[in-house]
1. Please express the Cα-Cα pair-distance distribution P(r) of the chain as a list of whole percents, one per 20 Å bin, running from 0 to the bin with the greatest distance.
2. In the stretch 11-60, what chymotrypsin sites (Phe, Trp or Tyr not before Pro) fall in a loop by DSSP, with at most 14 other Cβ atoms inside 10 Å?
3. Using the number of other C-beta atoms within 10 angstrom as an exposure proxy, rank V315, V359, V177 with the fewest first.
4. Report, as a whole number in µm² per second, the diffusion coefficient that Stokes-Einstein gives for the stretch 257-308 at 10 °C and 1.306 mPa s using the Kirkwood radius over alpha carbon pairs.
5. Could you list which residues have their amide H under 5 Å from that of K364, counting only those 5 or more apart in sequence or on another chain, with H placed in the peptide plane?
6. Take each of the peptides 347-353, 272-278, average the number of other beta-carbon atoms within 10 Å over its residues, and list them starting from the highest.
7. Residues with amide H under 5 Å of S102's amide H, sequence separation 5 or more or different chain, H placed in the peptide plane at 1.01 Å from N; which?
8. At 10 °C and 1.306 mPa s, what whole-number value in µm²/s does Stokes-Einstein give for the translational diffusion of the stretch 14-133, with Rh from the Kirkwood sum over Cα pairs?
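Quick note: the coordinates plus some simple rules give every number you see, no bench work behind them. All values derive from a computational prediction rather than experimental measurement. Counting neighbours? That spans all protein chains shown, and the Cβs are built from the backbone with ideal geometry, glycine included.
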Amino acid sequence: MRIHKPDYIFLISIAILLAFGLLTLFSASSAEGLVKFQDGYFFIKRQLLLGVLPGLILFYFTTRIDYHWWRKFARPLFYFSLLLLVLLLIPGIGDKIGTAKSWFVIGGFSFQSAELLKLTLIFYLGAWLADSTEEDFFHWRGNFLRFVILVAIFSFLILAQPDFGTLMILLLIAGAVYYSVGGRLTHLACLVGAGLLGVAGLVWSGKYGRLLERFTVFLNPSFDPQGLGYQISQALLAIGSGGIWGLGWGHSRQKFQYLPEVRADSIFAIISEELGFFISALFIIFLIFIFWRGMKIALSAPDRFGKIIVIGIIVWMIGQSFINIASMTGLLPLTGVPLPLVSHGGTALAIMLAALGVVVNVSKNTV
C-alpha cells in the first residue's frame, strides 16, 4: 500500500454535484423563504452556514485522517449514535420536525441523530466484518444471527420515532455491506421477507396511519388529489410541466406554495420542472457515474475495511438519491428522505460530506 494523490475525478464530481445542489436549492426555496421569513435567501444561507461550512471542515479532516483510524473507534461511535436515538425516546428530550421525533433542537440549531447513525453503522459493520471468514457466513448462527440482532435494534429505535424513510436507507446500507463481504443471499432474502411481513402488519394495524396513507396513494396516485395524494399529484404535475427542456432555472410555478417540501424531499420535481427531462436524465446518469467511480475506489482499496466502508458510503449516497427520485416519480411510496448534496438540511449535508471525505482518503491509499 502506498499513499498517492486522491481520485480527482471522484473529487471533482462531488464538487459539481454540491454546486448544482446549491443552485437548485436557491431556486427551489426562494419563494418559501420570502413567504415565511421575508428573505428569499433564507434557506440557502442556512444551508451554507449549517451544512456546507461544517461539512467542508469535516470533509477536509476526513480526507486527511487515515481511514484505519475509524476502525479503532467504530464501536464507541456506533454505540454513541444508538444512545442518541434512545435519548429521543425520553419525554421532554428531542423535537418533532414533520411527523418524526428525530431531532435535537438547541436554540436555532438542530441535529438529526439518525444521519450520524448511517455513517457510524458503516464503520461498525466494516470493523466487524473485515476479519470474517467464509465459514462465518455459512451458518445462520454465525454472522447472520448477530446481523439480525443488530438490524432489530436500530430498526426498533427508528420505528419509535417513527421515520420509515431513514429506516429504509439504513436497511439498504446494512444489506448491501453484509452481502458485499460474503453474506448469503438466501439469508438476506429471508430477512427481507420477514421485514416485508412486518411492514404489512404495521400498515394494516392502523397504528402507523401515515404509512397506510402513503401505500394507499402509491397504489392509486389519483386517490384524494387534494388531500392524501396532494404531494405526489403536485410533484408529477411539476415533472410533467417541465417537458423536455424545462421552464428555465428559477421559473418553477410549483414552488410558489403548491408543492410541499420543495426544499427537501420534493426538490427533484423542481429540477425536472425548471430544467426539463434532458437535464434530469443527465443528473441521473451523473449519479450512476459517481456510483461507478466509488465502486472503482472500493475495488482498489488495499484491505477489506477500506472496501467495506466505501461500498457502504456509496450505496448510502446513491441509493438514497434513487429512493428520493423514485418516490417523486411514483415508483415508490413517498419516503420523506432528502436528495443527498441537493436538499436542504444541515445535518444531512455535513455528515454526507464527512463520509465522502473518508472515500477520498481511501482513494489515496488504493493499490
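1. 28, 60, 12, 0
2. Numbers: sites: F20, F26, F37, Y41, F42, F43, F59, Y60; in loops: Y41.
Sites meeting the loop and neighbour criteria: Y41.
3. Values: V315 23, V359 29, V177 26.
Taking fewest neighbouring Cβ atoms as first place, the list is V315, V177, V359.
4. Values: Rh = 13.3 Å.
In µm²/s, the coefficient is 119.
5. The answer is D7.
6. Values: 347-353: 24.6, 272-278: 21.6.
Those peptides, ordered most packed to least, come out 347-353, 272-278.
7. Placed amide hydrogens put D95, I97 under 5 Å from S102.
8. Values: Rh = 17.0 Å.
The estimated diffusion coefficient comes to 94 µm²/s.
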